[in-house]
């Protein structure tokens, strides 16, 4: 096999890897919510996205008022005063969903460790699974072309 063919296969494999690796967006961050204030995190979602949000509050009273507003600005889900949460939902309407961490009633700063993950869906299946199936299909076609075009004894 020529070097040019190997380079082409390597480029194809790298492209497929990057597509599959970008199929899930996961974020972890820590931030301080000052006493008497509110911090927010915005998630830009499309309909059908599967979202998982979890966080833990430490310092001060270890509690914050947490709620999520939807693209229309209305409260999507209100959890009240919590010290930790693990919540999943499927986005029914695309747009910006805002996570609100309110420390308005406290006189002490709170540290938030936030993790969230967005899994995109295509044709009702996880984007990662969809891209893996596409990659497998491409590999099978490439193998069939290689077998059919190789010299037979």
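Contact list please: Cβ distance under 8 Å, first residue in the range 118-137 and within 27 Å of residue 42 (Cα to Cα), second residue loosely packed, with under 14 Cβ neighbours inside 10 Å and at pLDDT 85 or above, pairs at least six apart or on different chains.
Pairs found: 120/46.
Does residue 94 satisfy the condition of being surrounded by fewer than 16 Cβ atoms within 10 Å (Cβ to Cβ) and in the same structural domain as residue 53 (by TED's automatic domain parsing)?
On the way: surrounded by fewer than 16 Cβ atoms within 10 Å (Cβ to Cβ): yes; in the same structural domain as residue 53 (by TED's automatic domain parsing): yes.
So residue 94 passes the test.
For the range 58-77, which residues satisfy the criterion of being in a strand (DSSP E or B) and either crowded, with 16+ Cβ neighbours inside 10 Å or modelled with pLDDT of 95 or more (or both)? Lay out the reasoning, then the answer.
Residues of the range 58-77 in a strand (DSSP E or B): 58, 64-69, 75-77.
Matches in the range 58-77: 64, 65, 66, 67, 68, 69, 75, 76, 77.
Check off (1) under 17 Å from residue 37 (Cα atoms); (2) without any contact (Cβ under 8 Å) to a residue 12 or more places away in the chain for residue 141 and give me the number that stays unchecked.
(1)
Report whether or not residue 48 is part of a loop (DSSP other than H, G, I, E, B) and over 16 Å from residue 115 (Cα atoms). Don't jump to the end; show me each part of the working.
Details: part of a loop (DSSP other than H, G, I, E, B): yes; over 16 Å from residue 115 (Cα atoms): yes.
For residue 48, the condition - part of a loop (DSSP other than H, G, I, E, B) and over 16 Å from residue 115 (Cα atoms) - is met.
Suppose the filter is farther than 24 Å from residue 126 by Cα, exposed (fewer than 12 other Cβ atoms within 10 Å of the Cβ), free of Cβ contacts under 8 Å to residues at least 24 places away in the same chain and touching a strand residue (DSSP E or B) at 6+ places or on another chain (Cβ under 7 Å); does residue 80 pass it?
On the way: farther than 24 Å from residue 126 by Cα: yes; exposed (fewer than 12 other Cβ atoms within 10 Å of the Cβ): yes; free of Cβ contacts under 8 Å to residues at least 24 places away in the same chain: yes; touching a strand residue (DSSP E or B) at 6+ places or on another chain (Cβ under 7 Å): yes.
It is true that residue 80 is farther than 24 Å from residue 126 by Cα, exposed (fewer than 12 other Cβ atoms within 10 Å of the Cβ), free of Cβ contacts under 8 Å to residues at least 24 places away in the same chain and touching a strand residue (DSSP E or B) at 6+ places or on another chain (Cβ under 7 Å).
Mind checking whether some residue in the range 14-29 is closer than 30 Å to residue 135 by Cβ, more than 19 Å from the chain's Cα centre (by Cα) and at pLDDT below 95? It would help to see each step written out before you state the result.
Filtering the range 14-29 down to residues closer than 30 Å to residue 135 by Cβ leaves 14-28.
Checking the rest, the ones that are also more than 19 Å from the chain's Cα centre (by Cα) come to 14-15.
With at pLDDT below 95 added as a condition, the list becomes 14-15.
Yes - at least one qualifying residue is present in the range 14-29.
The values are calculated or read from the model by the stated rules, or taken from the named source; none is laboratory data. In this text the structure is predicted, and so the values were computed from the model without any measurement. Glycine also receives a Cβ, built like all others from the backbone with ideal geometry; neighbour counts cover every protein chain displayed.
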